[in-house]
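Below: one structure, written as structure tokens.
Every read-out reported here was derived from the displayed coordinates using simple, explicitly stated rules and does not represent laboratory data. Since the model is a prediction, treat every value here as computed from it, not as a measurement. All Cβ positions, even for glycine, are placed from backbone atoms using ideal geometry, and neighbour counts span all protein chains on display.
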2 protein chains.
Amino acid sequence: MTTTFSPVITGQSLIAGRAVEGTAGTAQALNPATNEKLEPAITLIDDRQLAEATAAAAAAFDTYRATTPAERAAFLERIADNIDALGAPLTERAVLETGLPAARIDGERARTVGQLRLFAGVVRQGDHLQARIDPALPDRAPLPRLDIRQRHIGLGPVAVFGASNFPLAFSTGGGDTASALAAGCPVIVKAHNAHPGTAELVGHAIVRAVEEFGLPAGVFSLIFGAGTSIGQALVADPNIKAVGFTGSRGGGTAIMATAAARPEPIPVYAEMSSINPVFVFPGAIEDDIGALATGLVGSLTMGAGQFCTNPGLVFVPSGTQGDGFVAAASEALRVTQGSTMLTRGIAAACGEGVAKLRNEADVTVVAEGQPGPTENAPGAVLFSTTTDSFRENLQLQEEVFGAAGIFVRYNSQDELLASAEALEGQLTATIHATASDNATIAPLLPVLERRVGRILFNSWPTGVEVGPAMVHGGPFPATSDSRSTSVGSLAIMRFQRPVSYQNIPDELLPAALQEANPWHLNRRINGQQTAS
Amino acid sequence: MTTTFSPVITGQSLIAGRAVEGTAGTAQALNPATNEKLEPAITLIDDRQLAEATAAAAAAFDTYRATTPAERAAFLERIADNIDALGAPLTERAVLETGLPAARIDGERARTVGQLRLFAGVVRQGDHLQARIDPALPDRAPLPRLDIRQRHIGLGPVAVFGASNFPLAFSTGGGDTASALAAGCPVIVKAHNAHPGTAELVGHAIVRAVEEFGLPAGVFSLIFGAGTSIGQALVADPNIKAVGFTGSRGGGTAIMATAAARPEPIPVYAEMSSINPVFVFPGAIEDDIGALATGLVGSLTMGAGQFCTNPGLVFVPSGTQGDGFVAAASEALRVTQGSTMLTRGIAAACGEGVAKLRNEADVTVVAEGQPGPTENAPGAVLFSTTTDSFRENLQLQEEVFGAAGIFVRYNSQDELLASAEALEGQLTATIHATASDNATIAPLLPVLERRVGRILFNSWPTGVEVGPAMVHGGPFPATSDSRSTSVGSLAIMRFQRPVSYQNIPDELLPAALQEANPWHLNRRINGQQTAS
């Protein structure tokens, strides 16, 4: 970037291009490393101000979705450029607000702008429109067929909830915003109140791109509000047509209930709760017990365990071989030091979750790491239990958001399969094995396919590649809608719906479906995919 | 077909291949042309019998979804063959149970088997699996990429509710059953109690195909039960993972509420309520007023108006030209004779809906057709009102299931656009116009795109082509989920979800994703679609 872009953080919402002082009180974020308040306070919007944002989004929809692929792609790329142009102050603010290290924030920032550019490429290429043409068959018997064409359009204005654990990649300019804008939907982001300054900076970058492209101001708004109430009002607003959320199971299910109770129910993509089981097979332990142990502990403690894909459940064979692995992992864990968690509240909830597990019958602590030197930096913990206890006690499937994991020791393939069948829906399942384990693994795979969105081999679930084949999703309660992914280019599908056009004069057809194919799309003709 | 297949109608459910006498009472269908009871009575299953069906479906899922494209396609084709082999007795029974003419039933039967064969072609071709491959990039900086692959799998056992108005095409072996089986999902059909004999005959055809292919018996069940209670229990059953429903708004929203309240909420595809607005422009009236009038009346009265796409709302310009069209349509309607409706209850509800409209302020009757000679064959009715009344009175958007329509007279383009904005979600919107009307139409199209699933020009919405580009769906309350279609090959998507595979050894990958591409699929590699 040649020019830098340095908006001042004011704590005001950005409603359809205007900085708006909220009239429903204030809130203030804390530096989780010190528990000190961060300036400025944010001003919280009221219902009337919210209605301005959603009305502007609705008014912007038809104009925005009429942009060409080239225009919309360039707009997404400009957002990425503008986020780049925010320079070091964005990283510094995000570090202050989240307690995450600068290197992690910079990596997440690269992911965020890369994601925007990926969707620009998707939009420019155009396959997401899924254009289909069934030409007229005037001579067909017994009845002629009229010309029918189909394309996908955006659902309408989308509400996106910023996530606590990814202040950039799953927040203001994150995955849901990128895919919704790519699909032609205006976006209203409800900022996470733990990182409002980060949200505001990125919000300015998006608003600036909206202005630079002369788009209607309602294409994007960023709002600060009292967490639960304004969020529920946003989901209930009749102008909102879909919701993207990343957060707790309680938050997600509350949004699902509100969306389902609307006069017009709307789709909700809530990514909520996952404990990401890991299945360790004998071959893997035999192969390299040390790498396996340090790999697990690294994945478990990465980012203070605050990843949706944190491996919270590890099935390990009983017997001396499994004991050896547990001992090696315990040894690796004991020398780890806790990192600052995202908020005081998250650290407290982690502590409560760990305390609850300490009190569960048939659950024992096998290792504890060191707490960190800052506030809100608890040490990691590893527990152990049996497959019987795991299957009988649904509490053991409750996500502890943080660096806490449970070993489940299994005696047989049957126990392993029964435990897998007892799993709730998950984002991921990971298998560590060698070819010698294939016979045991084969019957496990179909069980896992029914329960998870992504199956991994000899790798770790933390670190979610942003690419065409990624699925970051899964059956409830991992997400509210397993038919979709929140990461990767397939995510554009979640904010679209099909519309078909029967016997429409060519000059009134959308460009994607016109006979001359002005956008050079790959179109499916008579059911067969054709290249442009 | 060389052999005929003549199962006896017993009134028993078909649970995982076994004829089961229900233990929760009996019910009996009526011949709607005479109101006479039809033998035999059906026996209604209880909750325990229901649980057998759903458990068998869950147990069958992994085996069934492991079938190859060739096997699954042949299975769908065999179902079609077996329905053909049911011969004349199927048509005769459906005529008795529905009051629909034999020619209509035969046409619907051709559509039903054609639909099964269409999905066989879709499965054989394989694009629905949406295979994506992002090969490993071991040398990528800063981090290498592991091999990631993605395919779609079936959601799990699907509950399908037979529709009253299509005893074949939207019932036991209809669209939802065909697309769910195509997607690899076992199916449990809750028969519509108005046409149980038809359901049972088709059920036997499917069970026979399951047996002929040696598939697990739980792949298909047909159940008879007390309408509301067993339907709700089916939707609430934890083994059911998705629902397909075609029926009333009340029935559909009750199912949506049950599905959303489950511990694990599931997708519901309910196709419910649509009044399918028609927009008549001056050019069309000028062009051929007679064809336009008889076309409208034909579409309105076809099948006693019992189509989801029945045109119940017709926007007509005010003034003498529009008056002339209303007069011509009225003339055409007055000579029509009512046909037998599907059930006594449906005819009664139609009568109540018409009576309600007669009592609405600012709504006048402009023409009435003749009642038919049988029981339950009311005459058609056309009403008229103004755009102001239409926009103020949401009652006028309530579907009257039957041959009843309302003219809404508009004075200006602004009135027309405001009325379109006031529409609830619809399956279709139809425009009758000539090129001279294009300037008025252009701003209407984006409004309609936001509100409907299919836009038609100079044709009629009744008669839904079963093809790759068809969308039979639309925003609520037309359907519960606008992201999908219930007709056409795109419908297979509704019963699928994506799963990705990271770093999995080739020999453990599903065939669709193996390096050698044994199924010769078109796969998306690094984001680019490639031909096999």
**Study point:** segment B:265-424 - share of DSSP beta bridges that are antiparallel (%, nearest 5)
**Key:** 20
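Restricting to DSSP H runs of at least four residues, report the calculated mean residue ellipticity at 222 nm for chain B, -39500 (n - 2.57) per run over all residues, nearest 500 deg cm²/dmol.
After summing the helix terms and dividing by residue count, I get -12000 deg cm²/dmol.
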Review point. Taking the alpha carbon gyration tensor of chain A, what are the square roots of 5 times its eigenvalues, largest first, to the nearest whole Å?
Key: 41, 31, 19
Point to revise | Of every Cα-Cα pair in segment A:10-130, the percent that sits beyond 26 Å | key: 42
Exercise for review: Can you tell me the relative contact order of segment B:197-295? Whole percent, Cα pairs under 8 Å, sequence separation 6 or more.
Suggested key: 19
Point to revise | Solvent-free Debye scattering, log10 I(q)/I(0), computed from the Cα coordinates of segment A:24-91 at q = 0.14 Å⁻¹ | key: -0.81
Review point. How far is B:GLN413 from the same spot in each other copy, in nm, shortest first, if each label point sits 7 Å from Cα toward Cβ?
Key: 7.2
Review point. Over the Cα atoms of segment B:285-368, what is the Rg over Rh ratio if Rh follows Kirkwood?
Key: 0.98
Check your understanding: What does the charge add up to near B:ASN31, with Lys and Arg as +1, Asp and Glu as -1, over the other residues with Cβ less than 9 Å from its Cβ?
Key -> -2
Check your understanding: When only alpha-carbon atoms count, how far does segment B:353-436 stretch along each of its three principal axes, as whole angstroms with the largest first?
Key -> 44, 31, 23
Practice item. Enumerate the whole-percent occupancy of each 5 Å bin, from 0 to the last occupied one, for all C-alpha pair distances of segment A:477-532. Key: 4, 14, 17, 20, 17, 12, 9, 6, 2, 0
Review point. What is the spin-label model distance, in nm, from A:ASP139 to A:THR26 if the labels are put 7 Å beyond Cα along the C-beta direction?
Key: 7.9
Practice item. Name the long-range amide H neighbours of B:VAL160: under 5 Å, sequence gap of 5 or more, or other chain; modelled H, no Pro or chain starts. Key: B:ILE188, B:VAL189, B:LYS190, B:GLY244
Point to revise | Long-range Cα-Cα pairs in segment A:322-474 (distance over 24 Å), rounded percent | key: 41
Study note, to complete from the structure: Percent of all alpha-carbon pairs of segment A:227-308 at distances over 14 Å, whole number, is 70
**Study point:** Per-selection metrics, the protein assembly as shown (Cα): Rg and Dmax in Å
**Key:** 29.6, 94
Exercise for review: Quote the Stokes-Einstein diffusion coefficient, in whole µm² s⁻¹, for segment B:66-152, based on the Kirkwood radius over alpha carbon pairs, a temperature of 25 °C and a viscosity of 0.890 mPa s.
Suggested key: 151
Point to revise | Alpha-carbon Rg with Dmax, taken over segment B:385-532, Å | key: 21.9, 69
Check your understanding: How large is the convex hull of the Cα atoms of segment B:120-181 per residue, expressed in Å³ as a whole number?
Key -> 110
Exercise for review: Find the Cα radius of gyration of segment B:397-452, compare it with 2.2 N^0.38 Å by division, and give the number to two decimals.
Suggested key: 1.20
Point to revise | Across the identical copies, how the B:THR364 labels are spaced - nm, sorted shortest first, 7 Å along Cα→Cβ | key: 8.9
**Study point:** Peptide A:157-167, shielding by other chains (average Cβ, 10 Å cutoff)
**Key:** 0
Check your understanding: For the protein assembly as shown, what is the percent of antiparallel DSSP beta bridges, rounded to the nearest 5?
Key -> 40
Review point. Among chain A residues, which Cβ is nearest the axis of the A-onto-B rotation, and at how many Å?
Key: A:ALA260, 2
Check your understanding: With Cβ to Cβ distances under 13 Å as the rule, what net charge do the other residues near B:GLY197 carry (K, R +1; D, E -1)?
Key -> -2
Check your understanding: Using only Cα atoms, what is the ratio of the radius of gyration of segment A:150-304 to 2.2 N^0.38 Å?
Key -> 1.28
Review point. What share of the DSSP beta bridges in chain A is antiparallel, in percent to the nearest 5?
Key: 40
Practice item. Kindly give the distances from B:ALA261 to its copy-mates, label point to label point, with each label point 7 Å from Cα along Cα→Cβ, as nm values to one decimal ordered shortest first. Key: 1.3
Check your understanding: Size of the dipole of segment B:91-143 about the Cα centre, Lys and Arg at +1 and Asp and Glu at -1 on the beta carbon, nothing else charged, in debye to 20?
Key -> 80
